[in-house]
1. Inspect region 69-86 for any residue being exposed (fewer than 15 other Cβ atoms within 10 Å of the Cβ), out of contact with any Cys (no Cβ under 8 Å at 6 or more places or on another chain) and closer than 21 Å to Ile124 by Cα and give the result as yes or no.
2. Here is a list: Glu110, Glu45. Which entry is part of a loop (DSSP other than H, G, I, E, B) and more than 14 Å from the chain's Cα centre (by Cα)?
3. Test each condition in (1) charged (D, E, K, R); (2) touching a Gly at 6+ places or on another chain (Cβ under 9 Å); (3) loosely packed, with under 14 Cβ neighbours inside 10 Å for Glu121 and report the one that comes out false.
4. Return the only residue of Ser40, Ser28, Ser61, Ser5 being within 15 Å of Leu89 (Cβ to Cβ), exposed (fewer than 14 other Cβ atoms within 10 Å of the Cβ) and in contact (Cβ under 8 Å) with a residue 12 or more places away in the chain.
Amino acid sequence: MADESELKFSEDHLWVLEMGDTARIGLSDYAQEQLGEILSVMLGENGKTIGQGEAMGELESQKTVVELVSPLSGTIRAGNENVVEDPSLINVDPYGKGWLIEVEITEPEELEQLMNHDQYELFIED
């Protein structure tokens, strides 16, 4: 499991773990709580180039369908097939086994636009 203090967060409630030239992206614990039980996950395909703010997939929960908006520009290197097969992993372990995609980062400066853990905690309190 990723240490939450190492993560960066988007206003769309996605977390980013920087791993050199790549980043792992997932749904925040707060977001999965708000959505309730996640029933299905669709992720962008490997090799697809996405821009910051573009769709990288979709989640369906008991309450709603949510478009997942990428916090970073990059090329999708891996989708987590385990969450596609068992979406409840996002509810059970959002910062570990419930990650969504890995991207090769093309615009590293976009990382600076994301919130750190403390900033995100303040953001979700408002």
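Coordinate-derived values only; no laboratory data. Since this is a predicted model, take the numbers as computed values, not measurements. Glycine also receives a Cβ, built like all others from the backbone with ideal geometry; neighbour counts cover every protein chain displayed.
1. The answer is no, given that none of the residues of region 69-86 is exposed (fewer than 15 other Cβ atoms within 10 Å of the Cβ), out of contact with any Cys (no Cβ under 8 Å at 6 or more places or on another chain) and closer than 21 Å to Ile124 by Cα.
2. Step by step, each of Glu110, Glu45 is checked, and only Glu45 is part of a loop (DSSP other than H, G, I, E, B) and more than 14 Å from the chain's Cα centre (by Cα).
3. (2)
4. Ser40
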